[in-house]
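Have a look at the structure below, then the notes.
The values are calculated or read from the model by the stated rules, or taken from the named source; none is laboratory data. From a predicted model like this one, the values you see are computed outputs, not experimental measurements. A quick note on method: Cβ atoms are made from the backbone with ideal geometry, for glycine too, and the neighbour counts reach across all protein chains shown.
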Amino acid sequence: MGKGNVHSDINPDGTRRTLKNRHVQMIAMGGMIGTGLFLGAGSTISKTGPSILFIYAIIGVVFFLMMRAIGEMLYASPQEHTFVAFITKYLGLPAGLFAGWSYWLGILLSGIAELTAISVYVKYWFPSWNSAVIQLVFLIILVAVNVLTARVFGSAEFWFALIKIVAILALIIIGLIMIFVGFKDPNGETASFSNLTNHFQFFPHGVHTFIGSIPMVFFAFLSMELVSITIGETQNPRHVLKKAVNQTVYRILLFYIGALTIIMSISRWTTFSPQSSPFVLVFKLAGIPAAATVINFVVITSAASSINSLIFSSGRHLYQLSIETHSKVLNPVGKISKETGVPRNAILVSGACLLFAPIISSIPAIQSAFEFISAASSDLYLFVYVLVMFSLLKYKKSPDYLPNGFKMPWSKVTAPLDIIAFGLIFLTLFFNPNDVIPAIGAVIWLVVFGGFCLLRYHGEKPAHEL
């Protein structure tokens, strides 16, 4: 069934299938939980109140369908290292290079942002420490983890993810206890599920604000697809893939909808501040004096987890780009280390690019420009996701199609609906003043760089197919 030697521990290109099921399942869970949930939930709650749960549910379905689309193609070709390979394969080299470079750039900018933020979290405890030194130490450690073997990366990510999951489960369990015992907050409000419906308004601050909150939820789910990049180096990939993708719905229900439901049940949503973490507030109300310290530790591990995964992903994407492009400059990063079975050079180059973090954080003018570029690159993910869905539709008509594979449900309807949904999400960027200029920047990138890829590589095949 399908192509690729999926039962061997070594892929044809030399990479090794050293990741186990427990690694991938934990990466799948941890990859869905970013620092935004711990720190930014107060902002989303303050904008729309309980109706934010509907936004999480709808966008969660959109992402689940995209994961099923990636899953269907990966099930047919589990030896591929990134989903961008399918864009190249089914939509052509220009689309693949546009998606690959755009996604790689987005990964790097996200990594720089996380690395910059991690020094802020560490300085919560050690304010006199130098930010650049903190960032360099974390970067060196996490790059070292990635250049060893995929299994070392998986083990590190397993423990990072476990800490995040334990924090959320602790919040849910403590919150449920507070609800069932009728806990009262300092304002005399009783913890109850009725707080979700008392004086409920779907648009408490207007339709414009409600729509403007959609990008915030989208960015919370961003990079959920990173788990698919581990499949090419996973033992028994088809079995692991189906489990990791299918459980996406339950994880969305538990980690996002479940956690936010508990938070808004403990106190009325109007009591939460957009500047403070609701996790800290709940733990403080529960009588945990070191709540802020605990959440700061969780946030540091969450940021380290994100950087770890981003280094893994960026290395695989740069490796993929090197074997697709005709540029001799990229030849050195298109090699797999014989000792470790990982694209070591691609990982080291991607890691070196993250060295811009200390420079950016020390020069205010550059930092301001970086915030714009970072936001614009995040918007580019929408274009890449749309290309993924078009790739699925092309795959369905290709000789690679597996009629008995891991099929996306009702793809003739759901794939076009997902494309429309991503388009509508992009339009919602224009309802938030902070997102308008980056969205325009993303459109300019699409036209300029996308146009360059189309003109330069039209009709050409990837280098490894020549």
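Here ILE311 clears all of (1) surrounded by 23 or more Cβ atoms within 10 Å (Cβ to Cβ); (2) under 29 Å from GLU460 (Cα atoms); (3) β-branched (Val, Ile, Thr) except the condition numbered (2). The set of residues from segment 218-269 being closer than 18 Å to ALA167 by Cβ, at pLDDT below 90 and among the β-branched types (Val, Ile, Thr) comprises just one member, ILE252. For segment 201-224, a residue qualifies if it is over 30 Å from ALA303 (Cα atoms) and either of a type in the set (A, V, I, L, M) or surrounded by 13 or more Cβ atoms within 10 Å (Cβ to Cβ) (or both), and the qualifying residues are PHE203, PRO204, HIS205, VAL207. Criterion applied to ALA99, ALA41, ALA76 was being within 30 Å of MET264 (Cβ to Cβ), in contact with a Phe, Trp or Tyr (Cβ under 8 Å, 6 or more places away or on another chain) and buried (at least 20 other Cβ atoms within 10 Å of the Cβ), and the one residue passing it is ALA41.
Look at MET26 and say whether it is crowded, with 17+ Cβ neighbours inside 10 Å and at pLDDT below 85.
Here the answer is yes, as MET26 does meet what is asked.
Checked against the criterion of being part of a helix (DSSP H, G or I), over 25 Å from VAL447 (Cα atoms), among the charged types (D, E, K, R) and in contact with a Lys or Arg (Cβ under 6 Å, 6 or more places away or on another chain), segment 70-82 has at least one qualifying residue. When ASP418, ASP435 are screened for being modelled with pLDDT of 90 or more, closer than 21 Å to ILE55 by Cβ and not basic (Lys, Arg), only ASP418 passes.
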